[in-house]
Amino acid sequence: MSLDIIETLRGGLRDTLSSKGLKFMGLAYMISIISKVSSQSILSKLELQSGLMNPGPMMSSLAVDGPLPLWTGLGLIGSLAGLWLTIGVLRNFVGENSESIDTDLFTENLGLPFLNLIIGGLVFGLIVGVGFMLLVIPGIFLLVSLLFWTVYVSVEDENFIDAMKKSWNMAKGNRFDILLIGAGTLVIGLAAGIVAGIPGALVGTISNPLGALVGMTANAFSTVFTLAILARAYRQLR
């Protein structure tokens with residue numbers, strides 16, 4: 001089955017801006033705050049302890065003073081919460097229930113998907129990273145070919161090896177369309193970043209932390225939009 005590029009992008013945008021999608025964006029926003037505050041607090045703490053440099057106001061706008069183990073723990077929680085969100089959102093979007101959120105999909109059978117997303121993420125990053133070091137084109141090819149492995153892990157409960165194999169087979173004959181959809185997703189995400197960045201910059205003239213918080217809405221949108229696009233494309237190709 002071939003991909004309808006325009007309908008995939010439009011449908012993904014509709015899903016993202018639906019009542020369900022907006023709730024997912026709220027979750028993504030809260031998780032991104034936890035991750036950003038913890039990461040900036042850790043970096044600020046390390047930089048001050050090293051005495052090598054003083055963190056700039058924008059780079060440490062959300063940094064909070066506190067013990068390093070606290071922020072390390074919160075950073076780990078934020079990372080795990082991000083995986084949890086990925087699993088639940090993909091399951092809901094692939095399920096095509098556009099009216100309401102199936103909360104059971106956020107709580108059932110999480111152990112193996114968590115483990116496979118963690119290990120598979122490292123393997124995926126290594127494979128694609130090596131590909132990009134080989135003159136970029138191989139990296140793009142591998143990225144497109146393995147793009148759906150997270151869907152197979154999250155939705156079909158596959159291990160990451162089988163998920164990558166199935167993603168490779170699914171992408172056959174559709175790699176150029178998938179690449180175009182990826183480019184469209186990137187462009188729309190960048191546009192959202194600009195839209196959120198303007199008020200974020202204006203608010204930032206008054207308060208750096210508030211400006212950063214406003215700007216982070218684009219991250220929440222891009223997270224949910226990317227997952228919605230993945231689910232739409234997966235439903236068309238399976």
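The values are calculated or read from the model by the stated rules, or taken from the named source; none is laboratory data. No experiment lies behind these values; they were computed from the predicted model shown. Every residue, glycine among them, receives a Cβ derived from its backbone with ideal geometry; neighbour counts consider all protein chains shown.
Taking ILE161, is it modelled with pLDDT under 90 and surrounded by fewer than 17 Cβ atoms within 10 Å (Cβ to Cβ)? It is false that ILE161 is modelled with pLDDT under 90 and surrounded by fewer than 17 Cβ atoms within 10 Å (Cβ to Cβ). The criterion of being surrounded by fewer than 18 Cβ atoms within 10 Å (Cβ to Cβ), among the hydroxyl-bearing types (Ser, Thr, Tyr) and modelled with pLDDT under 85 holds for SER98. Looking only at residues of the stretch 102-129 that are in contact with a Gly (Cβ under 7 Å, 6 or more places away or on another chain) and among the aliphatic types (A, V, I, L, M), we find that the one that is farthest from LYS166 (Cα to Cα) is LEU105.
Considering GLY78, GLY88, which residue is part of a helix (DSSP H, G or I), of a type in the set (Gly, Ala, Ser) and under 16 Å from THR150 (Cβ atoms)? That would be GLY88, the only listed residue that is part of a helix (DSSP H, G or I), of a type in the set (Gly, Ala, Ser) and under 16 Å from THR150 (Cβ atoms).
Residues in the stretch 131-154 that are part of a helix (DSSP H, G or I) and surrounded by fewer than 23 Cβ atoms within 10 Å (Cβ to Cβ): 12 in all. Here VAL144 qualifies as on the phi < 0 side of the Ramachandran plot and in contact (Cβ under 8 Å) with a residue 24 or more places away in the chain. Is one or more of the residues making up the stretch 179-191 surrounded by fewer than 16 Cβ atoms within 10 Å (Cβ to Cβ) and farther than 20 Å from ALA228 by Cβ? No: the stretch 179-191 contains no residue that is surrounded by fewer than 16 Cβ atoms within 10 Å (Cβ to Cβ) and farther than 20 Å from ALA228 by Cβ. State yes or no: is GLY200 in contact with a Pro (Cβ under 6 Å, 6 or more places away or on another chain), surrounded by 19 or more Cβ atoms within 10 Å (Cβ to Cβ) and not β-branched (Val, Ile, Thr)? Here the answer is no, as GLY200 does not meet what is asked.
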